[in-house]
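A short reminder: the numbers here are calculations on the coordinates, not readings from a lab. This one's a predicted model, so the numbers in the text were calculated from it and none came from an experiment. Here the Cβ positions follow ideal geometry from the backbone for every residue, glycine too, while neighbour counts run over all protein chains shown.
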Amino acid sequence: DSRLAVYLDGQLSEILDTNYIAANRGSAKNVVSTSKFPSNKDLKFVYKVTYTRDEKTNDKVTVYYKSTTGKIEIATPDGGVKYCNHPEWNPEIEYGSATGKVVFYQGFHFRHSGWASKGDSPKTNGDWSPWTMLSAAEEAAINCPGNHMMDSAGTAPNAHLEPMDLAQVKGLGTPMEKMHITYTPEWGKWGGRKYTPKISPWNKISHMQYAFVDVIPDYTGNFFTDKDDISHLTKSAADAPNGTSLNISPNIFDPGAAFSAYGGTNPFMTEYNEMCRQYPYVKPIASLGGWSRSAFFRDAAQPGKIDYFVQRCIDFIREYNMVGIDIDWEFPCSRRDADLIDNKNDLGTPRAQDDEEFLFTNLMQALRKALDKAGEEDGKYYFLSCAIVSGKTHILKSGIGVWHPTCDFISYMTYDVHGAFDPMTNHQSYLFQNPSEPLAETNPYENALSINDLIKFVTTTYGVPVNKITVGSPFYSRGWSGIFKPASGWVNPSTPGLYARTNITPGTNGTKGCSAPGTMDGGQGAGVLPLHHLNKLIKGENVSVRTLDMNGPANPHAGTTLVGTDFGYYYDEAAQAPYLYNEKAGIFYTFEDERSVEVKSQWVIDNNLAGIISWDIAMDDYGIDMHSSAATSAYPTLNQADHLLTSVIFDKFKANSLRLNYLNRLARR
């Protein structure tokens, strides 16, 4: 249904079929010889391109492009609004000696009555011109609604195109052959940070997952919209009996700040919905649960309760215009007490049991069935995915061999594999196993896997199709303190600080312990720096550590200044992972940079994986210190910015022309 319309002096001349339609984002390309058209006519083109978000969905998107002097602009149908049949006078057109053409100029219509060169405008003061003003009776007969455009474009009267505000449709860029799925965290707007969806590079990602949607008891039967009602946070998960009589429902975490209607200074959900509308090719997906909101998954999946929860999930994505659900149950069968030092609203998973392998399987199967049914009713395809930990111990209990067919993609969180919860330094995300790693000390239970070993394990053991797996890329660091050269020397002299044991006891009850200072830490401390701060250290600049959220837990390292000139940058060639080490202060940071993410992206391509999932878009480096007073004051005018690692992934995953030509030949068969 894609067409190219040719206009001469604003009048429709002919309609051509488009001869090129791109693979998965939709574009059109025609080579049209201009010599076939009269040289004294103004020549313009309008593309009408119809395509879908995804091969599986029937959700069609139609976009109009208007070509003016070689520049492609976006246009939109008039939506039923009647436009004047006569265009505005155009100073770039030489109307010549032709007569009879009517144009609109400064509130009146004029008929061309003599030679008119470029810039020869109609006159309204009675002076002679190549134009004659229409009489009052003629003006009345036109019944002009007052809407005009430079080119009258359309296939019939009153079917013109009007210029589209670029805020209406964006993201019409190069197709991506692989997925880059990322999260936009609602709490990115809190405290000293002012990151909301309008800042993200939506033209360089494929899926934007809303993090996170609560999985909580449904006390009201409605989605939470009262900013003063925090009953869903104050109820204790530890106090709830197994198979609680309460129904469980998805809900927005912080509605008071998420919706502009409730007075939030940073209307997060409002911006999210607006950006989804502007970029219809990015799939908006609701991520349910997360680290602090997974306690009630086991209740939601109980017999007799699961149907209610699943229907509420369907209601939720319909309500908020999502195209799918991502289950972030962290983690089935894994018991964890709430960490109230780091997050006073953390629910933990204090009632987790081994039966959750089956509950998780039942939940995924019920969601898949319900999403398919809803898709049939709504005429579109709804996606289902999950994000799961990459540790081998968890995988053995996950039941993935049964439920993986329900998923469109499975995201292994191949980050946080190591951190200050371990006694020895290591990489938190690494592509290959370094043969120098002393595994008996660093990985005594064989739980940690390199990405390469992980993919081999799940595909050969459980038959998970490799082309539905995404692997993780962290846009942040984890770090240790108390790392000094041992008497026996470094494990490998070329990688000082790596695989070294801390001389500090891990922290308890809010003490900082062996964690490195992190600008995004609270309570326990974890050595979390966003990429922008890591790059400042690499450049030799200092980073000041402070408590960002004044209503949250105090940063145990607040007041620390990290001296950039004291840090050295190192790259582990065997593992394909970078790190920073300050030998003077004994501080070690493991993170991801342009080099490692480019290698990881190429490995994904070479091994036919689905793509990469990143955590999270707000911690990518977009050239602004989002924790500074400058960022806070700049927020109202701060809009889309380029993001460093996102751009690296996009450059690797975007479709190349040879591949597109092949895909399009297949599409035309």
For residue 592, residues with placed amide H under 5 Å, excluding near neighbours: 476
Residue among 529, 540, 482 farthest towards the positive dipole end of segment 480-610, charges placed on Cβ: 482
Built amide H within the under 5 Å cut-off of residue 410, gap 5+: 469, 470
Dipole of segment 544-608, positive end: most advanced residue of 582, 560, 604 [Cβ charges, Cα centre]: 560
Simple label model, 7 Å out from Cα along Cβ direction - residue 378 to residue 441, nm: 5.3
Distance (nanometres) between label positions extended 7 Å along Cα→Cβ at residue 546 and residue 490: 3.4
Per-residue HN-Hα couplings for segment 567-581 [Karplus 6.51, -1.76, 1.60; θ = phi - 60°; Hz; x = Gly/Pro]: 9, x, 9, 9, 10, 7, 5, 5, 8, 6, 8, x, 7, 10, 9
Residue pairs, from the table 373/600; 283/373; 283/652; 41/654; 512/584, whose Cα atoms sit over 29 Å apart: 373/600; 41/654
For residue 339, residues with placed amide H under 5 Å, excluding near neighbours: 348
Summed residue charge, Cβ within 15 Å of residue 540's Cβ, Lys/Arg positive, Asp/Glu negative: +1
Backbone HN-Hα couplings from phi across segment 294-309 [Karplus 6.51/-1.76/1.60, Hz, Gly and Pro as x]: 10, 5, 9, 4, 4, 6, 4, 8, 6, x, x, 10, 5, 5, 4, 4
Low-density loop cleavage sites - GluC sites (Glu not before Pro) in segment 554-654, where at most 14 other Cβ are within 10 Å (DSSP): 573
